[in-house]
Amino acid sequence: MKRLLFGLLITSMLLVSCGSPAGSGPAAAPNTALQLTPLPTDVVPTAVTPPSGEPRILTVMTHDSFAASVGVIQEFEKSNNVKVNFVKSGDAGAALNKAILTKDAPIADMFYGVDNTFLSRALDAGIFESYASPLIDSIPDEFKLDLKNRALPVDYGDVCINYSKAYFSKNGLAVPASLDDLIKPEYKDLLVVENPATSSPGLAFLLATIQKYGDPGYLDYWKALKANGVVVVDGWETAYYTNFTGSSGAGPQPMVVSYSTSPAAEFAYSKTPLNDSPDGNINAPGTCFRQIEFVGILAGTKNRDIAEKFVDFMLDVTFQEDMPTNMWVYPVNPKAAVPEIFTSYSQPAIQPATVPANLDEKRDSWIEAWNQAVLH
Amino acid sequence: MPIVNFRKVLPWLAPSIFLSLFFFYPLTRILALGLDFSFFQKSPHFLSQTLEILRFTFYEAALSTLLTLVVGLPLAHLFAHYDFPGKKVLRVLTAVPFMLPTVVVAAGFNALLGPRGWINLGWMAFFQLDRAPLVFIGTLSAILIAHVFYNSTIVIRLVGNAWASMDPHLGDAALSMGASPRQVLMGITLPLLRPSIFAASLLVFLFDFTSYGVILLLGGPRFATIEVEIYIQALQMLNLPAASLLSLVQLICTLGFSAIYARYIVRVTAAIKPRAASLNQTRPRLKGQKLYVTGMIIFLVIFFVLPLLALPLRSVSQLEANRADLSQVKQTVTFDYYRELFVNRNDSLFYVPPFQAARNSLFYASITVILSLLLGFPAAAALARPGKLEKWLDPLLMLPLGASSVTLGLGYILTFNRPLFFSQFTFLTSPMLVPLAHTTIALPFVIRSLQAALAQIPSQLREAASVLGAPRWKIWLYVDWPIISRAVISAGAFAFTISLGEFGAASLLTRPDYPTLPTAIYRFLSQPGGLNYGQAMAMATILMLVCGLGILLIESFRLPGSGDF
């Protein structure tokens, strides 16, 4: 044991005394002396003989929920002789904030995961360079929110209310068909939502109610929801796994603000094969909010050429078809097939709410007023 | 400041360079960028809101600290004075909560006290109720109980160590001269324990004061501390000026508490000849003692073990299909979630193999232990006999504990995103930044634990050795070291747990290619589905095991020359 301690002591002293290992550049290769264990994916590119020397490194900054298949990313790496490094930087808000803070010396070449509620913030901060990808023409206009193509849409998801099928059938209760229904006495104490100040689905659902009832009408609606026993928690993890009846947490509320695809995910990630998803989602007009996620090339990148290629790759069919079951979102490219599990167990939103034009100037005051009405 | 000679500055060299580079510099940079006092005019409500939040933060922190002392002191006494079967394991178990991610602790409490928890379900079945009678989640009590659950270990270890090596002859002498046990407690025991009680209270208070996960998850959105508000302003509203102002308020408060502590601690410290801890420990013999020890063990099990037990239980229990109807689901035991941890189901790029996550976590934790001990030791030694310089530096050392981790994290991003000074090395992209950041948090802990122990060594012991002709290093080796080695072990265990449990998302960048156990837990919990939930619980159980075994190993170290203290 002493020996181990001594070994660690020496290693740590070395690390302290020489802050600068041989590898240079912003994305220095992992120092092998650190004895850390990188994931096997790091090793893969060396197995492929690169067509022209060392692979270049593309750094993609993203939020914690980003996911993709090894094979798909490898396909891009192989054909372009590139190693893609992903840097995860917290949830969507935190990640964007970090990208804005570092815009003078960007730590990445591109950023994926700014959504439509934060988009204008990102554009105003000027963190993105325009790139008119050849694939942008094939994407429906409803997703293209930046006409200068600084931020390009990649995927969308609907924030909708999920419900536990068993609870509703057992109690002979009809599934609510509108926001109005939720304030009826038969649904008392049945809904859990997220705080819009700390959670992105929480903000999305608040925006859906603002679109429906206007400002300040939404506040009266929320007061009625409060009187009807709505439960507010800090974030999605708590709402879904602690409070929601239809998850493994088996909590007390049979309805939760989540995503339209969560019932499909419940089906896919079941330990024992199921005949049907235990949950469903409400998709009635005006009850959902559509989140669109964007990718952009960070201003000042030295790898603009590969960054462009990766943007194209993200918009193309292979990545678009890989994305749904990794991140539980819908592809924006109409050529990409939506997996069967989505069509069987999730209902896409009908006439979902979208981002209001004055969101950026109103966001804080809406949340503050909501806070006063619901939490005090 | 007066000119200080080199000898006095020397012990401070390494810790101050370290803290300047990895704490003060990034903090100054982010505050300089964000601070904007014209902000007051722009939002008139800011001041009154901040005062309200500040009031609640003080209130919950003071109340939590008090309760932690009420729970921790008897337990410190128990561990210091009695020998009983299972003592080692129970002592380790009290430290495990300290590093568990809040999501996981919340799940544990929920399994026990939630609307569908065991207690409520049992109560409902017994009294034929159709609604859960006990409301726990979302109350101030939940916040307080979670704080006590998290932080009791600080009191148990800091005060317990001092108590264990206190010479019982003083009390015995007083008793034989007719003092009542109460007089002994108030007149001898407590005064002698004051330095350690104060150090523990300060640490606990600062942890509660900057509390964030517990408030959000267990208290719910009706409660906000300064740190919660900083998080909302900085990362959700993207309002840096507000976040910076709040961070400054929090820093000033921390500095205030630490300054008061530093002034007071010198006056209450009395150095008394210590005694080997093992000599003070007995097996409970009298009937009263047995009753006391048994009672305390039962309390320990209920308060610490049951919420922890909920996780391993959930990680092996299967719960499927008809989830609305819990009463009819047969819960069967399964190890599938553990098996599933080793499978990369849909070929995910961010799949985390459990062994690698455990190895990375352990590696970061070891570096943190070694670095914080190396840096903390000289500083603690100097602080134990404070001169003018130390009185100035002392409050500053506690700042890393009171600084907002969100603000500091943004400061790191802003500072280390480019090569530092003349080197070519960018810290931000290096995995080494993680243990360095952990060390800034662990350092105040290590310094406080060691300082409390060092201050108790009577100077006569050193003087006697010196008169007899022992050189400085020999005095240190044969006088100081044996007495403080126990505190060194404790300090190391704290640094270890701090590093193991820290989840970098709020403060740093997560590097998916160097996953740790907490990041793996969060990865599972961020997606819906029974398998994800089960695997998160399985991973949390592994984290608990790794942490428990790590502490057990550290605490069973016999440092050379440590004797029995």
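Is region A:201-208 home to any residue that is closer than 28 Å to B:Pro221 by Cβ, in contact with an Asp or Glu (Cβ under 6 Å, 6 or more places away or on another chain) and surrounded by 22 or more Cβ atoms within 10 Å (Cβ to Cβ)?
Going through region A:201-208, the residues closer than 28 Å to B:Pro221 by Cβ turn out to be A:201-208.
Then drop every residue that is not in contact with an Asp or Glu (Cβ under 6 Å, 6 or more places away or on another chain), which leaves A:201-202.
Those still in the list that are surrounded by 22 or more Cβ atoms within 10 Å (Cβ to Cβ) too: A:201-202.
Yes, region A:201-208 contains a residue that is closer than 28 Å to B:Pro221 by Cβ, in contact with an Asp or Glu (Cβ under 6 Å, 6 or more places away or on another chain) and surrounded by 22 or more Cβ atoms within 10 Å (Cβ to Cβ).
Do the conditions hold for B:Ser405, that is, is it modelled with pLDDT of 85 or more and within 22 Å of the chain's Cα centre (by Cα)? Talk me through it step by step, then tell me what you get.
Details: modelled with pLDDT of 85 or more: no; within 22 Å of the chain's Cα centre (by Cα): yes.
Against the criterion (modelled with pLDDT of 85 or more and within 22 Å of the chain's Cα centre (by Cα)), B:Ser405 does not qualify.
Here B:Ile489 meets the list (1) more than 14 Å from chain A (Cβ to nearest Cβ); (2) at pLDDT 85 or above; (3) touching an Asp or Glu at 6+ places or on another chain (Cβ under 9 Å) almost entirely, failing just condition (1).
Out of curiosity, is A:Asp215 of a type in the set (Asp, Glu) and assigned to a loop (DSSP other than H, G, I, E, B)? Don't jump to the end; show me each part of the working.
Working: of a type in the set (Asp, Glu): yes; assigned to a loop (DSSP other than H, G, I, E, B): yes.
Answer is yes for this residue.
Taking first residues from region A:72-93 that are closer than 12 Å to A:Phe310 by Cβ and partners that are modelled with pLDDT under 95 and of a type in the set (Phe, Trp, Tyr), the Cβ contacts under 7 Å between residues at least 6 apart in sequence or on separate chains come to A:Phe86/A:Phe66. With respect to the conditions (1) within 30 Å of B:Val343 (Cβ to Cβ); (2) more than 12 Å from chain B (Cβ to nearest Cβ); (3) not basic (Lys, Arg), A:Asp305 falls short on a single one, namely (1). Among the residues in region B:66-87, are any hydroxyl-bearing (Ser, Thr, Tyr), more than 30 Å from B:Pro284 (Cα to Cα) and assigned to a helix (DSSP H, G or I)? Among the residues of region B:66-87, not one is hydroxyl-bearing (Ser, Thr, Tyr), more than 30 Å from B:Pro284 (Cα to Cα) and assigned to a helix (DSSP H, G or I), which makes the answer no. For region B:433-441, the count of residues that are hydroxyl-bearing (Ser, Thr, Tyr) and either under 22 Å from B:Ser16 (Cβ atoms) or within 20 Å of the chain's Cα centre (by Cα) (or both) is at least one.
Take region A:266-299 and flag every residue that is touching a strand residue (DSSP E or B) at 6+ places or on another chain (Cβ under 8 Å) and within 14 Å of chain B (Cβ to nearest Cβ). First the steps, then the outcome.
Taking region A:266-299 and keeping what is touching a strand residue (DSSP E or B) at 6+ places or on another chain (Cβ under 8 Å), we get A:266, A:271-272, A:278-283, A:286-299.
Residues satisfying the conditions are A:Glu266, A:Lys271, A:Thr272, A:Pro278, A:Asp279, A:Gly280, A:Asn281, A:Leu298.
Answer yes or no as to whether B:Ala321 is modelled with pLDDT under 85, under 30 Å from B:Asn120 (Cα atoms), aliphatic (A, V, I, L, M) and outside any helix (DSSP H, G or I). Yes; evaluated as a whole, the condition is true for this residue. Looking at A:Ala353, is it of a type in the set (Gly, Ala, Ser), within 24 Å of A:Leu219 (Cα to Cα), surrounded by 21 or more Cβ atoms within 10 Å (Cβ to Cβ) and at pLDDT 90 or above? Taking the combined requirement at face value, the residue satisfies it. Screening B:Tyr212 against (1) farther than 25 Å from B:Ala111 by Cβ; (2) surrounded by fewer than 24 Cβ atoms within 10 Å (Cβ to Cβ) leaves a single unmet condition, (1).
Once region B:289-315 is narrowed to residues that are β-branched (Val, Ile, Thr) and either surrounded by fewer than 16 Cβ atoms within 10 Å (Cβ to Cβ) or within 25 Å of the chain's Cα centre (by Cα) (or both), the residue that is farthest from B:Tyr150 (Cα to Cα) is B:Thr294.
One residue is enough: does region A:281-293 have a residue meeting the conditions within 30 Å of B:Gly117 (Cα to Cα) and in contact with a helix residue (DSSP H, G or I) (Cβ under 8 Å, 6 or more places away or on another chain)? Let's see the steps before the verdict.
Here is the first cut: in region A:281-293, the ones within 30 Å of B:Gly117 (Cα to Cα) are A:281-282.
Next, only the ones that are in contact with a helix residue (DSSP H, G or I) (Cβ under 8 Å, 6 or more places away or on another chain) stay: A:281.
Yes, there is a match, as at least one residue in region A:281-293 is within 30 Å of B:Gly117 (Cα to Cα) and in contact with a helix residue (DSSP H, G or I) (Cβ under 8 Å, 6 or more places away or on another chain).
Screening B:Ser64 on (1) crowded, with 18+ Cβ neighbours inside 10 Å; (2) polar (S, T, N, Q); (3) modelled with pLDDT under 90 shows it passes everything except condition (3).
With respect to the stated conditions, A:Ile341 fails to be closer than 25 Å to A:Pro134 by Cα and either not basic (Lys, Arg) or not in a strand (DSSP E or B) (or both). For region A:309-326, the set of residues classified as under 16 Å from the mean Cα position of the chain (by Cα), touching a residue at least 60 places away in the same chain (Cβ under 8 Å) and surrounded by fewer than 21 Cβ atoms within 10 Å (Cβ to Cβ) consists of A:Asn326 only.
Considering region B:350-366 alone, what residues qualify as being modelled with pLDDT of 85 or more and at the interface with another protein chain (Cβ under 7 Å from one of its Cβ atoms)? Result: B:Gln356, B:Arg359, B:Asn360, B:Phe363, B:Ser366. The requirement of being within 11 Å of chain B (Cβ to nearest Cβ), out of contact with any Cys (no Cβ under 9 Å at 6 or more places or on another chain) and more than 20 Å from B:Gly138 (Cα to Cα) is fulfilled somewhere in region A:181-200, by at least one residue.
The values are calculated or read from the model by the stated rules, or taken from the named source; none is laboratory data. Just so it is clear, the model here is predicted, and its values are computed rather than measured. In this analysis, Cβ positions are derived from the backbone assuming ideal geometry, glycine residues included, and neighbour counts consider all displayed protein chains.
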